[in-house]
1. It is to be established whether one or more residues within the range 65-84 are within 16 Å of ligand 2 (Cβ to nearest atom) and either within 22 Å of Thr177 (Cα to Cα) or of a type outside the set (Lys, Arg) (or both).
2. Of all residues in the range 62-112, count the ones that are farther than 14 Å from Gln155 by Cβ, more than 19 Å from the chain's Cα centre (by Cα) and small (Gly, Ala, Ser).
3. For Glu194, are the conditions met, namely being under 16 Å from the mean Cα position of the chain (by Cα), surrounded by fewer than 21 Cβ atoms within 10 Å (Cβ to Cβ), more than 16 Å from ligand 1 (Cβ to nearest atom) and among the charged types (D, E, K, R)?
4. What number of residues within the range 188-231 satisfy the criterion of being within 16 Å of Gly43 (Cα to Cα) and either in a helix (DSSP H, G or I) or in contact (Cβ under 8 Å) with a residue 40 or more places away in the chain (or both)?
5. Please enumerate the residues belonging to the range 163-216 that are away from ligand 2 (no atom under 16 Å from the Cβ) and hydroxyl-bearing (Ser, Thr, Tyr).
6. For Arg157, which of the numbered conditions (1) over 18 Å from Gln27 (Cα atoms); (2) more than 17 Å from the chain's Cα centre (by Cα); (3) basic (Lys, Arg) fails to hold?
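Nothing in this text is a laboratory measurement; each read-out follows from the coordinates by a stated rule. Everything numeric here is computed off the predicted structure, so don't read it as measured data. We place every Cβ from the backbone using ideal geometry, glycine too, and count neighbours over all the protein chains shown.
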Amino acid sequence: MAYAIEIDHLAFAWQGGQLTLDIPHWQVETGESVLLRGPSGSGKSTLLSLLAGVNLAQQGNVSLLDQSLSNLSGRKRDRFRADHIGYIFQQFNLLPYLSALDNVLLATQFSPKRRQRVAESGQSAEQLAIQYLQRLGLSASQQQQAAANLSVGQQQRVAAARALLGAPELLIADEPTSALDSDRRDDFIKLLLELSEQNNTTVLFVTHDASLGQYFNRHVELSDINRAAGGSPHA
Ligand SMILES: Nc1ncnc2c1ncn2[C@@H]1O[C@H](COP(=O)(O)OP(=O)(O)OP(=O)(O)O)[C@@H](O)[C@H]1O
Ligand SMILES: [Mg+2]
């Protein structure tokens, strides 16, 4: 499989709004780590919602792992996302009353494929979840805390562990470092990339912060691929 993400002639406008995305062509190769940057309001989260199949483009095609999302029913898109995509949301979407550890374990509860990949690792989901949380700097007692009682930076790290569990082919991360100081942010990104590489996970990481480009195989400006932003797209 050559491409983890392939976009063709994509056009998307929010209801009643102006065209937000107009992307003639864009690809991310399998195994690449890509930083996607653009100013606030430029359409980064909108693009990620189309990649994850949360919203559908009005025109054009989005394929992930050679599967065209527009050919799938809503239910099948949900299943596809659970099986193949680890998604760290800009607002983290943890279940506040569940512990950090149980939030991480949710990743496998909705996906037999991810449970299977955990089983193939020779460890239980719980062992792997604890390992990820430890490496991301959450102590044993923090792992048992309800998510609502954790700091924002801790919640971001829980969301990252959940996205990684079960080795999804694609990790999509929407500004997951906004609450971290710069030392912790750099450590977090290095660890995220290291764990992704171990799992052969392709990474698309969205941020405003151009200084993070050094950690990734490729740095892309949204305005360079999006004609709706008045950029000069490379077809
Ligand atoms: N649910 C929505 N309904 C209508 N318009 C929306 C919705 N979400 C985003 N938009 C609009 O789409 C445009 C792009 O927003 P988006 O959230 O994709 O930007 P962003 O690049 O992720 O910004 P930020 O860096 O602040 O997160 C904005 O003009 C925004 O108002
Ligand atoms: Mg956003």
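1. no
2. Of the residues in the range 62-112, 3 are farther than 14 Å from Gln155 by Cβ, more than 19 Å from the chain's Cα centre (by Cα) and small (Gly, Ala, Ser).
3. So Glu194 fits the description; yes.
4. 16
5. Ser182, Ser196, Thr201, Thr202, Ser211, Tyr215
6. (2)
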